[in-house]
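These notes are about the structure you will find just below.
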């Protein structure tokens, strides 16, 4: 039996499980000069519904709080890590 995974929402911490196809063609802001990588942690900063399902804009930050990248992912490409209290 699988553990229940909550529906993702804004401000959840997530882990990147897979990269969007054609990552270079999508709107991605790679602030620090690198693109998202599988295993990166980030925070959902926007959740929106499209005809193909929910999509999430995720911001990855460095330890000092600087933005590393911002990118959009489908729910299948992300893993829930934690929800803020």
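The values are calculated or read from the model by the stated rules, or taken from the named source; none is laboratory data. Quick caveat: nothing in here was measured; it's all calculated off a predicted structure. In this analysis, Cβ positions are derived from the backbone assuming ideal geometry, glycine residues included, and neighbour counts consider all displayed protein chains.
Things worth noting here:
- Single residue of region 35-50 satisfying the filter (assigned to a loop (DSSP other than H, G, I, E, B) and under 10 Å from the mean Cα position of the chain (by Cα)) that is surrounded by the fewest Cβ atoms within 10 Å (Cβ to Cβ): 40
- Given (1) out of contact with any strand residue (DSSP E or B) (no Cβ under 7 Å at 6 or more places or on another chain); (2) modelled with pLDDT under 90, number of the condition residue 48 does not satisfy: (1)
- When 53, 63 are checked against the criterion of being on the phi > 0 side of the Ramachandran plot, free of Cβ contacts under 8 Å to residues at least 60 places away in the same chain and surrounded by fewer than 12 Cβ atoms within 10 Å (Cβ to Cβ), 53 stands alone in meeting it.
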